[in-house]
Amino acid sequence: FKNMKNQQDVWLENLCLQGVQKEVFPGVAAGFAYRKTNNWQRRISTCGKVCNMREADYVKDGTYFDLASLTKPICTTLGIYHLISAGKITLADSLISNLTQGGGCESITVQDLLSHASGLPAYRAYYRSFIPLTDIRNKKILVSMILQEPLEIAPGEKQIYSDLGFILLGCLIEEVSGLSLDQFFHNVLIKPLGLENELFFLPLKTSGLHHEDNKKFFAATELCPWRKRLICGEVHDEHSWLMGGVAGHAGLFGRVEAVLTICELLVDIWHGRSSHPFIKNDIVKHGLSYRSPGGNWALGFDRPTPGRSSSGHLFSSESIGHLGFTGTSFWVDLQQERIIVLLTNRVNPSRENKKIQEFRPYFHDRVMEKIEEMK
């Protein structure tokens, strides 16, 4: 690919600056890519600070963001695609027996979980029943609580976007692979792509909590009322944090260029130009092509909701994407071969800032218009 930064790209910086000036987020790393003359063309811009404090460092291309729910497609979904490619599981499989401990979860399939049609609740604030201390027992307790949840609807009937289902998928990957989720992600999915230093989990035991360097290299998230401190260089999501910073629904940190690279690979696989060494192309294409009967979901990826999508109005129906609670997102138009990645720390200092809901579609529309001019 060609990564170009010149005076012609000031418009992207100005677009990012609008978000900072309007206090949508303290800082941002944004990028887009499109195909031209058989090559990927990229633009990347950064703006603002890693924290809303006056003395905070500026966001750079190399700043790591808490990707939050982008963990679901980048780690967990691709991980399941690998296990299917390797013949270790199928989409029709129910949860492996030693994960199930009662409740209604025995009837949920892998496909149900990937397409958010498990019938599990959207969310439960389990963390409120825990004191904010890391404990090796937390994960087992949390998973048991999920497995005991009564289903709100029969599996396969309706899409209910749920963290709970992807926590279970993360556990399933660990059980089948015999590796911890962070080891699996590093060894199987990312190291073969040369991205091991660009996309990773930060297990709490090794993340060096409160280290001053974290304030330089990581975008801060919330001034957390539960943990009673500013979160920086450790996962924002409370349940992932209780599970040691590694979970199927949240926990990944990454740079904007690395997310662009993953998205470019998906487009290249879709068009038959490339592949992942440990995932079969036909599995990826099936997952991205899948359309859930009762909603907009592909297998592990969202699709634009007609008329009111965070992707704006210019992505085709052959598009996939995902949002992250901390203010991160990517949208990929498989048909038009266009990608937009937006990484922000909109929850800093508080998750009550929801201005990004209006800014995202505006941002995507402006970038897509500019891409059209460039092509």
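Worth a mention:
- Extreme residue, farthest from TRP297 (Cα to Cα), among residues of the stretch 115-150 that are open to solvent by less than 50 Å² (accessible area, probe 1.4 Å) and of a type in the set (A, V, I, L, M): LEU142
- Per-region count, the stretch 330-375, residues modelled with pLDDT of 95 or more, open to solvent by 60 Å² or more (accessible area, probe 1.4 Å) and within 20 Å of ASP268 (Cβ to Cβ): 1
- Residues in the stretch 245-273 that are free of Cβ contacts under 8 Å to residues at least 40 places away in the same chain and not in a loop (DSSP other than H, G, I, E, B) were compared, and the one that is most open to solvent (accessible area, probe 1.4 Å) is ASP268.
- Filtered by the rule that a residue be more than 18 Å from ARG303 (Cβ to Cβ), of a type in the set (A, V, I, L, M, F, W, C) and within 17 Å of the chain's Cα centre (by Cα), the stretch 317-359 gives PHE325, LEU343, VAL347, ILE356.
- Test: residue in the stretch 62-82 that is modelled with pLDDT under 95, touching a strand residue (DSSP E or B) at 6+ places or on another chain (Cβ under 7 Å) and under 30 Å from GLN336 (Cβ atoms): no
- Among residues of the stretch 112-155 being polar (S, T, N, Q) and assigned to a loop (DSSP other than H, G, I, E, B), the one that is modelled with the highest pLDDT is SER115.
- Just one of (1) part of a helix (DSSP H, G or I); (2) modelled with pLDDT of 95 or more fails for GLU106. It is (2).
- The residue list GLY312, GLY327, GLY300, GLY287 contains one member that is surrounded by fewer than 20 Cβ atoms within 10 Å (Cβ to Cβ) and of a type in the set (Gly, Ala, Ser), which is GLY312.
- Residues of the stretch 207-228 satisfying the condition of being at pLDDT below 95 and surrounded by fewer than 19 Cβ atoms within 10 Å (Cβ to Cβ): SER207, GLY208, LEU209, HIS210, HIS211, GLU212, ASP213, LYS216, PHE217
For (1) touching a helix residue (DSSP H, G or I) at 6+ places or on another chain (Cβ under 9 Å); (2) in a strand (DSSP E or B), each residue gets a yes or a no:
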residue: GLY312; (1), (2): yes, no
residue: VAL341; (1), (2): yes, yes
residue: ARG346; (1), (2): yes, no
residue: ASN353; (1), (2): no, no
residue: GLU358; (1), (2): no, no
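- Condition met for LYS88 (touching a residue at least 40 places away in the same chain (Cβ under 8 Å), touching a His at 6+ places or on another chain (Cβ under 9 Å) and open to solvent by 20 Å² or more (accessible area, probe 1.4 Å)): yes
- Residues located in the stretch 291-306, provided they are among the aromatic types (Phe, Trp, Tyr) and modelled with pLDDT of 95 or more: PHE301
- Residue within the stretch 22-37 that is under 20 Å from GLN336 (Cβ atoms), at pLDDT below 90 and either open to solvent by 40 Å² or more (accessible area, probe 1.4 Å) or among the hydrophobic types (A, V, I, L, M, F, W, C) (or both) present: yes
The values are calculated or read from the model by the stated rules, or taken from the named source; none is laboratory data. Just so you know, these numbers come straight off a predicted model, no measurement behind them. Using ideal geometry, Cβ is built from the backbone for each residue, glycine included, and neighbour counts are taken over all protein chains shown. With ligands, DNA and RNA removed, areas are computed over all heavy atoms of the protein, side chains included. Shrake-Rupley method; radii C 1.70, N 1.55, O 1.52, S 1.80 Å.
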